[in-house]
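Q: First the structure, then my questions, so here it is.
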Amino acid sequence: DQQVKQNSPSLSVQEGRISILNCDYTNSMFDYFLWYKKYPAEGPTFLISISSIKDKNEDGRFTVFLNKSAKHLSLHIVPSQPGDSAVYFCAASGKGANSKLTFGKGITLSVRP
Amino acid sequence: NAGVTQTPKFQVLKTGQSMTLQCAQDMNHEYMSWYRQDPGMGLRLIHYSVGAGITDQGEVPNGYNVSRSTTEDFPLRLLSAAPSQTSVYFCASSFAGTNRNNYGYTFGSGTRLTVV
């Protein structure tokens, strides 16, 4: 049973516009949510995270929104740039110092010049 | 600043062969883990370690062994390779505790393994 779901496999946006990447989860015990970015032939790199006690976290062009009642989070990239084209993974961590990280299947973002 | 180093980058094995994927980190991270990435499956946790001498199973541990004799190294052993283990393997490390959520994992660049 997949606990972290990224239902859209791909997204294409115009350069300069907003990219909205969605993620849903089923486990109400998740305590932290993280987004990773992955280029081909490279390992994922950490992008941004949000605690379950917050509903928004912002870092430059990247903002993550969390809706706990809907068990939904989204990553907004504004403005989108061609260099943002990559696979984006949503991940969730449970409570506890050493809880495991559960990843979604990823979404491929293409930013058109 | 090497970060997480994985070797080899590519490997082809015959069914039944064994091998060890190496992972080393120089950031003094307590937490280390191994993931595999398969098309349409995302990243799935194989094994993880919260410190030297401590390891535990993840979501897909069958066919793999790990050990953690030092803080820096976390090798993944394939005991008898099977075609189903064809995948891209990623090693990751992080600080333990809440720092892990604030700073995330540092991943290696991956090992692409093909079992024929």
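Q: In this structure, is residue B:92 among the aliphatic types (A, V, I, L, M) and closer than 27 Å to residue A:50 by Cβ?
A: yes
Q: All but one of (1) of a type outside the set (Phe, Trp, Tyr); (2) under 18 Å from residue B:105 (Cα atoms); (3) surrounded by fewer than 20 Cβ atoms within 10 Å (Cβ to Cβ); (4) facing another protein chain (nearest Cβ under 9 Å) hold for residue B:52; which doesn't?
A: (4)
Q: Here is a list: A:49, A:80, A:74. Which entry is hydroxyl-bearing (Ser, Thr, Tyr), modelled with pLDDT under 95 and under 25 Å from residue A:10 (Cβ atoms)?
A: Step by step, each of A:49, A:80, A:74 is checked, and only A:49 is hydroxyl-bearing (Ser, Thr, Tyr), modelled with pLDDT under 95 and under 25 Å from residue A:10 (Cβ atoms).
Q: Residue B:77 - would you say it is buried (at least 16 other Cβ atoms within 10 Å of the Cβ) and assigned to a strand (DSSP E or B)?
A: no
Q: Within the stretch B:83-96, can you find the residues that are exposed (fewer than 14 other Cβ atoms within 10 Å of the Cβ) and either away from every other protein chain (no Cβ under 11 Å) or under 17 Å from residue B:37 (Cβ atoms) (or both)?
A: B:83, B:84, listed by residue number.
Q: Go through B:65, B:28 for me and flag whichever is more than 14 Å from chain A (Cβ to nearest Cβ), within 11 Å of the chain's Cα centre (by Cα) and either surrounded by fewer than 17 Cβ atoms within 10 Å (Cβ to Cβ) or without any contact (Cβ under 8 Å) to a residue 12 or more places away in the chain (or both).
A: Criteria check complete, one pass: B:65.
Q: Tell me which residues, restricted to the stretch B:93-116, are among the hydroxyl-bearing types (Ser, Thr, Tyr) and outside any loop (DSSP other than H, G, I, E, B).
A: B:93, B:94, B:98, B:103, B:106, B:111, B:114
Q: Output the strands (runs of 3 or more DSSP E) that fall wholly within the stretch A:60-108 and possess 2 or more residues being more than 14 Å from chain B (Cβ to nearest Cβ), or say none.
A: A:62-67, A:72-77
Q: Still on this structure: Please enumerate the residues belonging to the stretch B:97-116 that are under 12 Å from the mean Cα position of the chain (by Cα) and within 7 Å of another protein chain (Cβ to nearest Cβ).
A: B:107, B:108, B:109, B:110
The values are calculated or read from the model by the stated rules, or taken from the named source; none is laboratory data. From a predicted model like this one, the values you see are computed outputs, not experimental measurements. Backbone-built Cβ (ideal geometry, glycine too); neighbour counts: all protein chains shown.
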